[in-house]
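> Just passing along the structure, written as C-alpha cells.
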Number of protein chains: 2
Amino acid sequence: MAEKKAHPIFYIVLVEPKNSGNIGAVARAMMNFDVDKLYLVNPCELDSVCYARAMHATKILDDAKTFSCFEDAVKNLDYLVATSSIESKTDKRHLRNPLFLEDFAEKVLEVKGKIGLVFGREDYGLFNEEIAACDIMLKIPTSESYPSLNLSHAVTIVLYSLYLRKAYIPKRRRPMGPLEKKKLYEFFGQLLDDIDYPPHKKEHTTIMFKRIMGRAMPSKWEYHTLMGVFSKTLGKIKRTQGKK
Amino acid sequence: MAEKKAHPIFYIVLVEPKNSGNIGAVARAMMNFDVDKLYLVNPCELDSVCYARAMHATKILDDAKTFSCFEDAVKNLDYLVATSSIESKTDKRHLRNPLFLEDFAEKVLEVKGKIGLVFGREDYGLFNEEIAACDIMLKIPTSESYPSLNLSHAVTIVLYSLYLRKAYIPKRRRPMGPLEKKKLYEFFGQLLDDIDYPPHKKEHTTIMFKRIMGRAMPSKWEYHTLMGVFSKTLGKIKRTQGKK
C-alpha cells in the first residue's frame, strides 16, 4: 500500500476581525487555494455582506469555528505563525523579528501537523502577547512607505505562496509536537536559571530561543537529541553545585 | 557615471470594473507594492466606498486615468499582459494559452518600457478580442475547483510576485558569519565534552546542531545572545568542577 502523504493542514485564524466583508473575502481566497479551516476569535457578525463577498465559499463560513479568546482557538494547533506588516527596525526585538514569507513557505511544507496562520485585527494587528504565543513571526515584503495590507490581501498572499510550493514537496520530517516544544522551552528556562542568567534578560532570551527553534522546526528525533544534551547539562550543573 | 538601471514601469489597467470597493482595494494594493499608475476603462463611479477601501492610497484614485474604450487605454503602453483565472484545457487554443505568473515575473523585470497589467470584469473577465490585443496571457495558479479570484486579490498576487523579484531585495537579518558559526559549533562541542557526552554520539549530535542552526539562520545578535548562554553554561560547569 502506498504511504499516505502527510501534508501540513493549514488553519486560518482571524483575531477579532471587525469588517464582515473582509471575512467573506478571506473565505473566498481560502477556497481559491484549497484551504477550508477557518477559526474566528471574537469576530463581528457574519452578515449578508460577508456572505456576498465569499461568493462560492459560503460553506467555509458555515463551517467556521468561533472562539471567545485567542488561547482557546489555538490550543489544539501544533505550530503557530503570526503575521504582521509591522517590522522591527533593529533585529534586537526578538518578538517581532520576522521570517520572510518565501523562506517560511519553503520550509513549512516539509512538516506535518496543524499549522495556524494567525492574522490580527484590521487596525491594531496582533497584540504582543499573541505574537509571543506564536512559534514564528512572518513578514510579507511590502512597500516601506505603506506596508499595511488589507486583511484579505494578506491572507491571499500567504495562501498563494504556500499553494505555489505544494507541487514541490520534499520529504518531510516529523516535527516535535506542542508538548515537546513546551518541555524544550522549560528546559531552556531552567538552564538560564541554573547559570544565574540576568533575570531582566531572561524573557527576551527565551523568546529568542523560541524564534530560533520556530525557524528551525526540529524533528522529533532532533528534539530528543537536544533534550538529551539539555538534561545532561542541567544534571552536570546540579550535581556539581550540590558538591559545593 | 553609474549606469541607471532600467526598470519596467507597471500600469494597472482595470477593464469595466463594476464594484467600486474593488477599485479602492486595488489602489491600496498598488500602494503596498510601490505601483501608482492606474488606468480605468469605463469604470463604475469612484464613490465613497471606493475611497474608504483605498485607505491611504486615495492619491492613486485621484490620479487614475479614465478611458471610454480599451484601445484608447492601452495604445501608449509597450507591452500588454492579460490576466485570467480561466485556463484553456488544451494548448491548441493559443489565445488563452497562458504563461504562469512566476515565469513571467522572473522575465519581465529584465525589460524596460510601459507594461500594462490588464484585469477584466468581475463577472466575465476579458473578452477574446481584448486578450488577443495583449502580448501574453498570464495565469495565476489557483485551485481547480474554484479558480476565480476576487479582482483585487488577483492584482495583489501579481504585484506581490513582481515586487518580490524587483532589484529591491528584502532586507534580511544580518546572519552570523563563518567565523561566528565556527565559534558557535566549537562551544557546542566543548559543552558536549564537559557534560561527558558519549563520544560515539558526539559527531552525530554536532551535525544535528549544525543542521538546526543552518535552518534557523541566526542573526548576528541572536548569535551573541546564544554565545552568552553557552559561555555562562561552560563557565558554570568549569567553576563547579574545579571545586570538586
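> Looking at this structure, is B:Glu203 part of a helix (DSSP H, G or I), acidic (Asp, Glu) and facing chain A (nearest Cβ under 7 Å)?
When the stated conditions are applied, B:Glu203 does not pass them.
> Tally time: how many residues in the stretch B:44-82 are touching a Pro at 6+ places or on another chain (Cβ under 7 Å) and closer than 19 Å to B:Cys134 by Cβ?
0
> I've got another one for you. Would you be able to say whether some residue in the stretch B:61-78 is open to solvent by less than 50 Å² (accessible area, probe 1.4 Å), under 23 Å from the mean Cα position of the chain (by Cα) and within 26 Å of B:Phe104 (Cβ to Cβ)?
No.
> Based on this model, can you work out whether B:Glu16 counts as surrounded by fewer than 22 Cβ atoms within 10 Å (Cβ to Cβ) and closer than 25 Å to A:Met55 by Cα?
yes
> Right, something else. Please go through the stretch B:223-238 and give me each residue that is more than 7 Å from chain A (Cβ to nearest Cβ), touching a residue at least 12 places away in the same chain (Cβ under 8 Å) and either within 12 Å of A:Thr233 (Cα to Cα) or not hydrophobic (A, V, I, L, M, F, W, C) (or both), ordered by number.
If the condition is that a residue be more than 7 Å from chain A (Cβ to nearest Cβ), touching a residue at least 12 places away in the same chain (Cβ under 8 Å) and either within 12 Å of A:Thr233 (Cα to Cα) or not hydrophobic (A, V, I, L, M, F, W, C) (or both), then B:Tyr223, B:Phe230, B:Ser231, B:Leu234, B:Lys238 are the ones that fit.
> Can you tell me how many residues in the stretch A:109-119 are open to solvent by 10 Å² or more (accessible area, probe 1.4 Å) and closer than 14 Å to A:Glu71 by Cα?
Within the stretch A:109-119, residues that are open to solvent by 10 Å² or more (accessible area, probe 1.4 Å) and closer than 14 Å to A:Glu71 by Cα number 0.
> Of these, B:Thr142, B:Thr205, B:Thr156, which one is over 30 Å from B:Thr83 (Cα atoms) and β-branched (Val, Ile, Thr)?
B:Thr205
> Would you point out the residue of the stretch B:120-131, among those that are without any contact (Cβ under 8 Å) to a residue 12 or more places away in the chain and either closer than 26 Å to B:Gly24 by Cα or assigned to a strand (DSSP E or B) (or both), that is most open to solvent (accessible area, probe 1.4 Å)?
Per the criteria, the residue is B:Tyr124.
> Right, another one. I'd like to know if the stretch A:63-77 contains one or more residues that are more than 20 Å from A:His153 (Cβ to Cβ) and touching a Gly at 6+ places or on another chain (Cβ under 6 Å).
yes
> Now a separate question. Could you please let me know if A:Lys183 is within 11 Å of another protein chain (Cβ to nearest Cβ), at pLDDT 90 or above, within 30 Å of B:Thr233 (Cα to Cα) and part of a helix (DSSP H, G or I)?
It is false that A:Lys183 is within 11 Å of another protein chain (Cβ to nearest Cβ), at pLDDT 90 or above, within 30 Å of B:Thr233 (Cα to Cα) and part of a helix (DSSP H, G or I).
> Under the condition of being hydroxyl-bearing (Ser, Thr, Tyr) and touching a residue at least 60 places away in the same chain (Cβ under 8 Å), which residue from the stretch A:132-153 is surrounded by the fewest Cβ atoms within 10 Å (Cβ to Cβ)?
Among those that are hydroxyl-bearing (Ser, Thr, Tyr) and touching a residue at least 60 places away in the same chain (Cβ under 8 Å), it is A:Ser148.
The values are calculated or read from the model by the stated rules, or taken from the named source; none is laboratory data. Computed from a predicted structure; not experimentally measured. Please note: Cβ atoms are built from the backbone with ideal geometry, for glycine as well, and neighbour counts cover all protein chains shown. Each accessible area value is taken on the protein alone, full model and side chains, heavy atoms only, with ligands, DNA and RNA left out. Shrake-Rupley method; radii C 1.70, N 1.55, O 1.52, S 1.80 Å.
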